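The values are calculated or read from the model by the stated rules, or taken from the named source; none is laboratory data. All values reported here derive from a predicted model rather than from experimental measurement. No Cβ is skipped: glycine too gets one built from the backbone with ideal geometry, and neighbour counts run over all protein chains shown.
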């Protein structure tokens, strides 16, 4: 598994974050770059299209998981993207066993899925302050209002 190889190759810690990343915006970039700064490698868990529809409704995602994966993987701060079909990344977190789990400021440590597990094996939880004025929901709303 990549996470184990990175640790063995002295890249040290592996960070993990997850989300939908439907329309990439500055808030996403701030979380991703902050997550990468906590470790030698960053793995991004990406909700599958089916998962997004269950969580956000039938009109989402705007972009397919293949497109979202492609864009995320092109970012210098991202080392690996893993699409997961479940509604939460808990199974993926348990499989990858990241050293750091990172989420944006719209979460708290007690609401981050996988935080207890990461702390349980000696890892760290990081909450990145929210970037004001940026959300995919607001972007979609503005686009639909401009029609």
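Couple of notes before you dig in:
- The range 96-112: number of residues that are without any contact (Cβ under 8 Å) to a residue 40 or more places away in the chain and farther than 16 Å from residue 31 by Cα: 2
- Test: residue 67 is within 20 Å of residue 26 (Cα to Cα), out of contact with any strand residue (DSSP E or B) (no Cβ under 9 Å at 6 or more places or on another chain) and not in a loop (DSSP other than H, G, I, E, B): yes
- Residues of the range 33-54 that are part of a helix (DSSP H, G or I) and under 17 Å from residue 93 (Cβ atoms): 35, 51.
- Within the range 69-94, the set of residues being without any contact (Cβ under 8 Å) to a residue 24 or more places away in the chain and touching a helix residue (DSSP H, G or I) at 6+ places or on another chain (Cβ under 9 Å) comprises 76, 94.
- Residues that are loosely packed, with under 15 Cβ neighbours inside 10 Å and touching a helix residue (DSSP H, G or I) at 6+ places or on another chain (Cβ under 9 Å) were ranked within the range 53-64; the one that is farthest from residue 24 (Cα to Cα) is 59.
To keep it simple, each residue is scored yes or no on (1) in contact with a strand residue (DSSP E or B) (Cβ under 9 Å, 6 or more places away or on another chain); (2) within 11 Å of residue 17 (Cβ to Cβ); (3) at pLDDT 95 or above; (4) surrounded by fewer than 15 Cβ atoms within 10 Å (Cβ to Cβ).
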{"position": "51", "(1), (2), (3), (4)": "yes, no, yes, no"}
{"position": "104", "(1), (2), (3), (4)": "yes, yes, no, no"}
{"position": "122", "(1), (2), (3), (4)": "no, no, yes, yes"}
{"position": "135", "(1), (2), (3), (4)": "no, no, no, no"}
